[in-house]
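See structure below.
The values are calculated or read from the model by the stated rules, or taken from the named source; none is laboratory data. A quick note: this is a predicted structure, and the numbers were derived from the prediction, not measured. Glycine also receives a Cβ, built like all others from the backbone with ideal geometry; neighbour counts cover every protein chain displayed. For the accessible areas, the whole protein counts, side chains as well, though only heavy atoms, and no ligand, DNA or RNA atoms are used. Shrake-Rupley method; radii C 1.70, N 1.55, O 1.52, S 1.80 Å.
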Amino acid sequence: MSPPTDLPSSGARAILDAATEGFARAGFDSVSIADIAAQAGVSKANIFHHFKSKEALHQEVLREACKGHAEFAEALLARTDMGSVDKLQALIRFDFSDAFGHELNTHLVVREVLNTGCCAGRDLVEPVFMRNFMAVTGIIRQGQQNGSFADDIDPSTVTMMIGATVILFFQNRHMLDRFPGLPGSAPSDFYADLVFRTILGGVVASPSAKPPVVTAASGKPRAAGSTASKSRPKA
């Protein structure tokens, strides 16, 4: 059995495309290898020539759907010619354009994120999502280290907030104009920049009005800004 490569053969490509559509539309448990074979125009044996199991095919489909984001975030993290604020804005803009521009892949990811059932391939999904998660939290931590972001924020929470916001905008993309202040015909960068400015500036007008920060270790609140960086965000 030959494993999938970064440049799959035409046969493997047809299988991946068929599996992506099937998993995105109906979910892992509802799509059989026979369904994927029929959609791809190949035999079941041909699928198992490229992928050792349905779970392995599912993982590769998710890896392909997420790898563009992972590669972009990792490249941002490694750049030395950009400040952390610019990196965060570029990341959020990419998140929105990628989600809105590749709807099938986004449906696939949303289905996995929202799936609360027990999927046979669930354990194989974690390393795929974790690569993306670690790259984004790395960008936030990098900003904390160089004084661009406050050191009393939690990088994992910021990463979760960005991902959840992108999903919510994507799920409501066809009726955004029904929400006050959100034009339905705006480009993805418009929404990305709204989210970026909100995350960067917060919603509280004055530092003294900020709520206490609860530390994970003790569960007890401490005054906001007690250990926060006093420096302005760096471009």
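List of remarks:
- A search for C-beta distances below 6 Å between a residue of region 197-213 that is more than 18 Å from residue 159 (Cβ to Cβ) and outside the structural domain of residue 150 (by TED's automatic domain parsing) and any residue that is modelled with pLDDT of 75 or more and of a type outside the set (D, E, K, R), counting only pairs 6+ apart in sequence or on different chains, returns 210/204.
- Applying the condition of being assigned to a loop (DSSP other than H, G, I, E, B) and either among the hydroxyl-bearing types (Ser, Thr, Tyr) or under 17 Å from residue 112 (Cα atoms) (or both) to region 19-48 and asking which residue is most open to solvent (accessible area, probe 1.4 Å) yields 29.
- Qualifying positions in region 127-152 - part of a loop (DSSP other than H, G, I, E, B) and surrounded by fewer than 17 Cβ atoms within 10 Å (Cβ to Cβ): 146, 147, 151
- Top-ranked residue in region 65-97 [being of a type in the set (D, E, K, R) and open to solvent by 40 Å² or more (accessible area, probe 1.4 Å); ranked as farthest from residue 16 (Cα to Cα)]: 81
- Restricting attention to region 153-180, the residues that are open to solvent by 40 Å² or more (accessible area, probe 1.4 Å) and not in a helix (DSSP H, G or I) add up to 4.
- Tabulated pairs, region 79-93, first within 11 Å of residue 139 (Cβ to Cβ), second part of a helix (DSSP H, G or I) and polar (S, T, N, Q), C-beta under 8 angstrom, 6+ apart or interchain: 84/142; 87/142
- Checked against (1) among the β-branched types (Val, Ile, Thr); (2) modelled with pLDDT of 95 or more; (3) in contact with a helix residue (DSSP H, G or I) (Cβ under 8 Å, 6 or more places away or on another chain); (4) farther than 30 Å from residue 174 by Cα, residue 92 passes all but condition (4).
- Residues that are of a type in the set (Gly, Ala, Ser) and open to solvent by less than 50 Å² (accessible area, probe 1.4 Å) within region 181-200 comprise 184, 186, 188, 192, listed in sequence order.
- All conditions but one from (1) out of contact with any Phe, Trp or Tyr (no Cβ under 7 Å at 6 or more places or on another chain); (2) over 19 Å from residue 109 (Cα atoms) apply to residue 84; the one that does not is (1).
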